[in-house]
Structure formats: structure tokens, C-alpha cells
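To start, the structure under review is shown below, and the notes come after it.
The values are calculated or read from the model by the stated rules, or taken from the named source; none is laboratory data. Everything quoted here is computed from the prediction, not taken from an experiment. Note that we place each Cβ from the backbone using ideal geometry, even for glycine, and neighbour counts take in every protein chain shown. Accessible surface areas use protein heavy atoms only, side chains included; no ligands, DNA or RNA. Shrake-Rupley method; radii C 1.70, N 1.55, O 1.52, S 1.80 Å.
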Amino acid sequence: MSTQPADNVNPTDDNSSKPDISQNIVWHEDTVSRERRESNLKQRGCVVWFTGLSGCGKSTIANELDRMLVEQGAASTLLDGDNVRHGLCAPPSVLATEHDDEFAERFGLGFSAVDREENIRRIGAVTGLMASAGLVTLAAFVSPYRRDRDRVRQVVEAAGQPGDFLEVFVDTPLEVCQQRDPKGLYKKAIAGEIKNFTGISDPYEAPQKAEIHLKFAAGMTPADQAGEILKQLHERKILQSR
Ligand SMILES: Nc1ncnc2c1ncn2[C@@H]1O[C@H](COP(=O)(O)OS(=O)(=O)O)[C@@H](OP(=O)(O)O)[C@H]1O
Ligand SMILES: Nc1ncnc2c1ncn2[C@@H]1O[C@H](COP(=O)(O)OP(=O)(O)O)[C@@H](O)[C@H]1O
């Protein structure tokens with residue numbers, strides 16, 4: 001290994017041990033344009049971002065929408081919180097089975113505010129890439145912090161155009177989510193067995209400008225709610241008639 005300092009490092013700087021790597025990373029334009037991919041697919045790439053409390057219905061509605069999209073011949077994909085936390089955003093305990101403890105602690109994610117920030121940053125970057133590939137990208141994450149969601153919006157729209165990011169607020173009251181408690185997590189959180197549980201011992205910042213606001217109403221089915229989003233995708237010309 002060379003002992004010479006890199007060209008962009010001033011040996012007298014306090015930061016001399018930390019060269020600015022970003023100066024050595026240069027963007028490479030893709031040969032195949034996004035427009036060309038979208039034209040083939042007869043749709044615009046976008047991110048449909050579901051946010052809301054655990055148990056509000058994000059996964060159920062997103063899966064129903066995904067099914068409807070595929071049925072119509074659209075190219076869609078779905079990223080879901082619980083599933084992504086098995087891989088890309090796995091907790092330290094999972095990483096420790098394959099990596100050393102230092103690695104697991106450094107890159108594994110839990111539910112502190114900063115870990116959720118990194119979780120949403122990673123997922124935001126992935127959804128941006130998928131939208132750039134022309135896919136209708138469905139993302140279902142609690143994503144309780146407004147600033148984290150707004151950052152994803154910026155990343156996605158900077159790579160494409162305004163309107164590529166649709167925030168869907170699944171606005172189901174906490175009491176209803178607690179009653180549903182499909183995974184028994186509220187019971188555990190109330191018993192103090194899960195720390196930082198959104199809505200119980202951690203905050204949820206509701207969207208102020210969601211493109212689609214799914215307000216809870218008794219008798220409204222997941223298919224009704226997915227259908228409302230599908231209608232909006234057509235109205236916004238994200239999906240062309242085929
Ligand atoms: N402390 C705490 N708070 C909230 N949720 C918790 C927590 N611990 C585990 N779980 C389970 O993890 C799922 C949420 O993961 P996300 O990646 O969507 O969370 S976040 O966006 O980073 O806030 C969430 O999934 P959903 O119930 O589908 O929302 C829960 O099953
Ligand atoms: N209108 C509805 N929309 C979505 N989910 C509903 C609805 N009515 C009842 N449910 C039920 O509520 C639960 C929601 O769980 P889930 O979709 O996993 O929520 P989340 O992904 O937000 O944690 C499921 O058991 C689902 O069957």
C-alpha cells in the first residue's frame with residue numbers, strides 16, 4: 001500500500017487522514033435513457049410512498065395496488081418495511097451472523113431516530129433507482145419523520161421530475177391500529193417490551209402535503225383504497241392506457 005498522501009490531501013490539514021473521496025467519484029451517464037425505457041413500458045417511473053403507523057394498512061393496500069398494476073400489464077415493484085429490514089437494512093443481530101461485531105454495530109439498523117433516518121435514506125436511494133428504471137415503485141414504510149420523507153421526495157424528483165414522488169398517508173387512527181395489532185407489537189410496546197415504538201413511545205409526524213390522503217372510514221376495503229391510488233396514477237398520466 002502506498003504511503004504517499006493522495007493528490008487532493010493537504011498533509012498539514014487536520015483532516016489529512018480523511019481524503020475527500022467524493023472528488024474521485026464521477027457521474028457516468030447511462031447509454032439507455034430513462035425516457036426510452038419509459039416509452040417501452042408505456043408508463044412513467046415513479047415512487048408511491050406509503051406512510052403511517054404500524055398496522056394502519058400500508059402493506060395490505062400496497063400489495064393490493066401491486067396486484068392491480070400487474071393485472072393491467074404495468075411494470076411495478078414493492079418494497080416493504082419488514083422485508084427490507086431482513087436484508088438491505090437488517091439489524092445488528094442479523095448482520096452479526098455473517099460479519100464481525102464492529103461491522104454489525106456500524107451498519108445494522110434499529111429504530112432510533114438516526115437509524116430510521118438511515119433506513120429511509122437507503123430505501124429512498126433504491127426507490128430513486130427503480131423509478132429511474134421506469135418502474136412504478138411502491139414503498140411501504142412507517143417513515144415517521146417528515147424530514148426523512150421530504151429528502152426522499154427531493155432525491156426522486158431530482159433524478160426525474162416534479163410529480164414523480166406521490167406520498168400516500170394511510171391515516172388510520174392509533175386506536176384502530178392498536179385494535180388490529182396484526183403482529184402483537186402494540187401489546188408488547190405497551191408492556192414495555194419494545195422500545196421506541198411509533199405511536200406509543202416514539203413520535204409520528206403526519207404528512208402536511210400528501211398527494212393522496214387515505215382517511216380511515218368503516219367499511220372501506222383495502223381494494224377500495226388501492227383503487228383510489230390507481231385512479232390517481234391514471235389521472236396524473238403516470239400510466240398510459242394500453
Ligand atoms: N419500534 C418500532 N417502531 C415501529 N415499527 C417497529 C418497531 N419495532 C419493530 N417494528 C416493525 O418494523 C416495521 C417498521 O419498519 P420500517 O422500516 O417501516 O420503520 S421506519 O420507516 O424506519 O420507521 C413495522 O412494520 P409495519 O407494522 O408493517 O409498519 C413493525 O412490524
Ligand atoms: N381498509 C383496510 N385497509 C388496510 N388494512 C385493513 C383494512 N381493514 C382491515 N385491515 C387489516 O389491518 C391490518 C393492516 O396490517 P398491515 O397491512 O400489515 O399494516 P402496516 O403495513 O401498515 O403495518 C391487516 O390485518 C388488514 O387485513
**Message:** Every residue in the range 129-145 that is closer than 22 Å to Asp82 by Cβ and open to solvent by 10 Å² or more (accessible area, probe 1.4 Å), please.
**Reply:** Leu129, Met130, Leu135, Val142, Tyr145
**Message:** Could you go through the range 101-124 and let me know if any residue there is surrounded by 13 or more Cβ atoms within 10 Å (Cβ to Cβ), over 21 Å from the mean Cα position of the chain (by Cα) and more than 9 Å from ligand 1 (Cβ to nearest atom).
**Reply:** yes
**Message:** Can you go through Lys195, Lys183, Lys209 and tell me which one is modelled with pLDDT under 95 and surrounded by fewer than 18 Cβ atoms within 10 Å (Cβ to Cβ)?
**Reply:** Lys209
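Restricting to the range 220-242, name every residue that is in a helix (DSSP H, G or I) and farther than 16 Å from Leu135 by Cβ. It would help to see each step written out before you state the result.
Of the range 220-242, the ones in a helix (DSSP H, G or I) are 222-235.
Once the filter is applied, which keeps residues that are in a helix (DSSP H, G or I) and farther than 16 Å from Leu135 by Cβ, the range 220-242 yields Pro222, Ala223, Asp224, Gln225, Ala226, Gly227, Glu228, Lys231, Gln232, His234, Glu235.
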**Item:** Total residues in the range 43-64, condition in a loop (DSSP other than H, G, I, E, B) and either within 11 Å of ligand 1 (Cβ to nearest atom) or surrounded by fewer than 24 Cβ atoms within 10 Å (Cβ to Cβ) (or both)
**Value:** 7
**Item:** Condition met for Arg67 (within 26 Å of Arg180 (Cα to Cα), open to solvent by 80 Å² or more (accessible area, probe 1.4 Å) and out of contact with any helix residue (DSSP H, G or I) (no Cβ under 7 Å at 6 or more places or on another chain))
**Value:** yes
**Members of the range 162-180 found to be assigned to a helix (DSSP H, G or I) and either open to solvent by less than 60 Å² (accessible area, probe 1.4 Å) or of a type in the set (Phe, Trp, Tyr) (or both), listed by number** = Leu174, Val176, Cys177
**Fill in**
Given (1) closer than 12 Å to Val48 by Cα; (2) of a type outside the set (Lys, Arg); (3) more than 13 Å from the chain's Cα centre (by Cα); (4) open to solvent by 40 Å² or more (accessible area, probe 1.4 Å), Ala159 misses just (1)
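Just checking, which of Phe141, Phe197, Phe169, Phe165 is away from ligand 1 (no atom under 14 Å from the Cβ) and of a type in the set (Phe, Trp, Tyr)?
Values: Phe141 fails: away from ligand 1 (no atom under 14 Å from the Cβ); Phe197 fails: away from ligand 1 (no atom under 14 Å from the Cβ); Phe169 fails: away from ligand 1 (no atom under 14 Å from the Cβ).
When all the criteria are applied, what remains is Phe165.
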